[in-house]
1. Take peptides 220-226, 106-112 and line them up by average Cβ neighbours within 10 Å, highest first, as a rough protection proxy.
2. Run through every distinct alpha carbon pair of the range 97-137 and return the Kirkwood hydrodynamic radius in angstroms, one decimal place.
3. What's the carbon and sulfur percent of the range 175-241's accessible surface, probe 1.4 angstrom, rounded to a whole number?
4. Using only the alpha-carbon atoms of the range 17-128, report the extent along each of the three principal axes, biggest first, to the nearest angstrom.
5. Out of residues 5 or more away from VAL91 or on other chains, whose amide H comes under 5 Å of its own, with H placed 1.01 Å from N in the peptide plane?
6. Pairs LYS53/LYS80; LYS24/LYS175; LYS143/LYS185; LYS143/LYS175; LYS80/LYS143: which exceed 28 Å Cα-Cα?
7. Enumerate the calculated ³J(HN,Hα) couplings along the range 65-72 in order (Karplus 6.51 cos²θ - 1.76 cosθ + 1.60, θ = phi - 60°), each rounded to whole Hz, writing x wherever the residue is Gly or Pro.
8. Using mean Cβ contacts within 10 Å as the protection proxy, how do 54-60, 243-249 order, highest first?
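The values are calculated or read from the model by the stated rules, or taken from the named source; none is laboratory data. All values derive from a computational prediction rather than experimental measurement. Note: ideal-geometry Cβ built from the backbone for every residue, glycine included; neighbour counts use all protein chains shown. Ligands, DNA and RNA are excluded from the accessible area calculation, which covers all protein heavy atoms including side chains. Shrake-Rupley method; radii C 1.70, N 1.55, O 1.52, S 1.80 Å.
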Amino acid sequence: MQKNNSSYTTMFTLSGLNESSTNKYIYFSFTLLGYLFIICVNLTLIVIIALEKTLHEPMYFFLCNLSANALYGTAGFFPKLLFDFLSDTHVISYSGCLLQIFIIYTFSSCEFSNLTMMAYDRYVAICRPLEYHAIMTPLTTGKLILFSWIFPFCCGCIGTLLTFRLPLCGSHIEKLYCDNWSIVKLSCVGTTVNNVYGYVVVCIFFAHFLFILFSYMKILRACRTSSIAMSKCLQTCLPHLLTVINYIIALLFDLMYSRYGSYDMPQVLHNLLSVEFLIVPPVFNPVIYGLNLQKIRNKVTRMCSRNKVIHT
């Protein structure tokens, strides 16, 4: 199973589920319920925005894109995890591992790109309201959404190809799923190119984060003169700000785990830190937006009321 070149490495072993083998059916059941909940809330949000014409605005299209990305990213993680819960051997093929790396990393990048687009949308809406409809046209919104997918996919392709070229001297991954850093650490040769590319990508997305900060500084400066303006600003921007903070914390957890994780750490904590960014944002985002954005909340309330009337 383990050879000196990646072309002969056909399988990787995954870790993290050894302690859960005695209660695997319980873990499987709760994980399945969690995954079904993620699918349900995100699909509900997408359907509501698609069917409700009053929600056909740039902010809601970006939110719809965020939910679509959540479904895409979790599809690259949960099915394999559920299968591993019921299996005695936790392995993944070399091609499957690269595919999982690609999906998870493009999901992460797309999430951040989309949050940046949403920050720009709020900046234009609040700081340049008279020009909003001239700037945020349907064509511009479509281009921004397309960019939020194409750019992460290009980054993911380059990163995956750089990993694919590495000869490997191991086949064990200290995680529940495949990630790029775990494969790079198994390399038999120097990984300078991979490391440099990784730092470049980090710098690019750090620039995204700086843009989000800059946008909110401009928004707060524009709203500070009026308490009414500040109240409206918080109503529309608070869900996005909470989403950004939540996602950054989730990514930092994963980064700290991947780079500096200690083997003395309890396995349960290992697992939680490594999957936080794959679980919390897909649940957190639609719930927060659904509760805080009045148009979505009203639509959900009307749907629930209609269902009650039908059943009675």
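1. Values: 220-226: 12.9, 106-112: 23.9.
So the peptides 220-226, 106-112, ranked by packing, come out 106-112, 220-226.
2. Numbers: mean 1/r = 0.0844 Å⁻¹.
Computed over Cα pairs of the range 97-137, the Kirkwood hydrodynamic radius comes out at 11.8 Å.
3. On the way: 2700 of 3740 Å².
Percent of accessible area from carbon and sulfur atoms in the range 175-241: 72.
4. 58, 27, 20
5. Residues meeting the amide H criterion: LEU14.
6. Details: LYS53/LYS80 37 Å; LYS24/LYS175 17 Å; LYS143/LYS185 37 Å; LYS143/LYS175 36 Å; LYS80/LYS143 33 Å.
The pairs that break the limit, which is 28 Å between Cα atoms, are LYS53/LYS80; LYS143/LYS185; LYS143/LYS175; LYS80/LYS143.
7. My calculation for the range 65-72 gives 5, 4, 5, 4, 5, 4, 5, 5 Hz in order.
8. 54-60, 243-249
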